[in-house]
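Asks: One structure is given below, represented as structure tokens, and several questions about it will come after.
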Amino acid sequence: MRLSGGLILGYKMSELLPPSQEPSVSDESPQPPSRRMSRRGVIAGAAALAGTAAVSATAASAATAPEGRTPTSPGADRDTRGAKAVAYRNVRPFGAADPVDLLTVDGRIADGPVPAGAKVVDGGGRVALPSLVDAHIHPDKTSWGGDWVSRKPASGIADYIKQDVELFESQDRGIAERAHGLMAHAVTRGTRAMRAHADVAPAYGLAGVEGVHRAAERLGHALDVEIVAFPQHGVAKAPGTAELLEEAARTGYVDFIGGLDPISFDNALDEQLDLVFGLADRHGIGVDIHLHDRDENGTKVLDAIIDRTRALGLRGKVNVSHAFCLTNLSESELARTAAKLGDLDITVTTVAPNESLVLPIAQLHEHGVGVGLGSDGVRDSWSPFGNADMLHRTHILGWVTDIRLDQELTDAYEVGAHGGADLLGIGRSEFKKGDPADFVLLRAQGIPQVVVDMPQRDIVVHAGHVVASDGELL
């Protein structure tokens, strides 16, 4: 990710606070060791954003609880189930200087006085921030919540796939249970939605898709989930996979058909892409393809994806995950490719794996290309790392891109919040009237400090209701 030029997303902190109130990192919070100005030179300031932000809320000083109701204190009962309207008193959207009340009705931000009969939750002066979106995660593969798994050396995707199968066969808990544990944990960390890739291969059948679907059903009150039928073992390389992908599309459980490195891994560019795009077209679903190639193979596949998207009229229904080849393009080549992607509303996702492979987000945004951020694999055969905490992932995004300015830290947060929301088409949560009431309440001064310190998400709100409190799912 190259942040020079700024990311054109969401709010600017300076638009919400007077200059004297610009948030800074708390002196009481532990800070990372100081570094030199930049590993790659001075980072340019963020570009000005068009328009101004408005917070749909009533002033806290004028707010009162409905007659006969006692406001709920931060440490008391936060069960809001069954309430049509919920008022969150004494909160500071985006770290604003003055606390306000946020009123939610039928899962949306509303304005006006708090109606009688509304549930009232006291935010205790906490900062309110939009919940985050995990645009790329593999919950079916995880060992989360189970015994420690020791990994073996691997030299490529084929080795990882073999170890995937070994892990799957060794687990005494089914995919639905393991996926639910991880996805529920993500909710407690402030994730409002995710795009979950589930392996489809002869070794598993549809167990991955069905398991993630069951986990998503259990969490329907707290998490929006899209499912990708992902042919991790390839299409041409794994006979029988094409039929399984067709079956997955017919179940109605999946929102996307996936693909994987059609040239370098499957050695079947046209066969794989024709199948994937054909299924998407026939079943009215989308395409989300893993593309790891960094060389001309990657750009060749990307061109083929662009051509098929245009030919089949799948504008706005195609995503390319990782898209490492974009990081090696010259400035002019990147501009030309990004213009084609933007014209067809083909989005991309990054997991910010390292400095050299994180996508050039600012440049992609200049051409209207949507960019989402994701966790990728979590405690699976590919890696012992990962925690499905998207705030931690925004922290990683900031760290690997060596940012240091408040606006740049805010931009990183907004990739995880607004970028993911745009990619999944679920609407941004910006505290405007009619926005989805999906947000977190936490102790901080503002977004920059939150990205650096990653404080506990004390209250997680989804569709207007408290779904997690103090790290526990409700």
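The values are calculated or read from the model by the stated rules, or taken from the named source; none is laboratory data. Remember, predicted model here, so these are calculated numbers, not experimental data. FYI the Cβ positions are ideal-geometry reconstructions off the backbone, even for glycines, and counts take in every protein chain you see. Accessible surface is based on the protein model in full, side chains and every heavy atom, while ligands, DNA and RNA are left aside. Shrake-Rupley method; radii C 1.70, N 1.55, O 1.52, S 1.80 Å.
Asks: Applying the selection to region 344-359, what residues are under 17 Å from I305 (Cβ atoms), part of a loop (DSSP other than H, G, I, E, B) and either basic (K, R) or touching a residue at least 60 places away in the same chain (Cβ under 8 Å) (or both)?
Replies: L359 - this is the single residue of region 344-359 that is under 17 Å from I305 (Cβ atoms), part of a loop (DSSP other than H, G, I, E, B) and either basic (K, R) or touching a residue at least 60 places away in the same chain (Cβ under 8 Å) (or both).
Asks: List pairs: first in region 230-255 and more than 16 Å from H197 (Cβ to Cβ), second among the charged types (D, E, K, R) and open to solvent by less than 30 Å² (accessible area, probe 1.4 Å), Cβ under 6 Å, 6+ apart or cross-chain?
Replies: A236/D266; K237/D266
Asks: Conditions first: (1) among the basic types (K, R); (2) surrounded by fewer than 20 Cβ atoms within 10 Å (Cβ to Cβ); (3) in a helix (DSSP H, G or I). R393 passes all but one, so which condition is the exception?
Replies: Condition (2) is where R393 drops out.
Asks: Would you check if V415 is β-branched (V, I, T) and within 24 Å of I346 (Cα to Cα)?
Replies: Yes, satisfied.
Asks: Moving on. Evaluate the following for A222: is it open to solvent by 10 Å² or more (accessible area, probe 1.4 Å), among the aliphatic types (A, V, I, L, M), part of a loop (DSSP other than H, G, I, E, B) and in contact with a helix residue (DSSP H, G or I) (Cβ under 7 Å, 6 or more places away or on another chain)?
Replies: No, not satisfied.
Asks: Only one of these is in a helix (DSSP H, G or I) and either under 23 Å from the mean Cα position of the chain (by Cα) or over 16 Å from G259 (Cα atoms) (or both): A304, A311. Name it.
Replies: Matching residue, one of A304, A311: A311.
Asks: Here's another thing I want to ask about it. Check region 155-164 and report whether any residue there is in contact (Cβ under 8 Å) with a residue 40 or more places away in the chain, under 20 Å from Q456 (Cβ atoms), among the charged types (D, E, K, R) and buried (at least 18 other Cβ atoms within 10 Å of the Cβ).
Replies: no
Asks: Return the total of residues in region 270-286 being of a type in the set (D, E) and over 13 Å from V235 (Cα atoms).
Replies: Of the residues in region 270-286, 1 are of a type in the set (D, E) and over 13 Å from V235 (Cα atoms).
Asks: Same structure again: Can you go through G112, G190 and tell me which one is surrounded by fewer than 16 Cβ atoms within 10 Å (Cβ to Cβ) and at positive phi?
Replies: Testing whether each residue is surrounded by fewer than 16 Cβ atoms within 10 Å (Cβ to Cβ) and at positive phi leaves just G112.
Asks: Those residues that are within 11 Å of P139 (Cα to Cα) and open to solvent by 10 Å² or more (accessible area, probe 1.4 Å), I need them from region 165-183; list them, please.
Replies: I175, A176, E177, H180, G181, listed by residue number.
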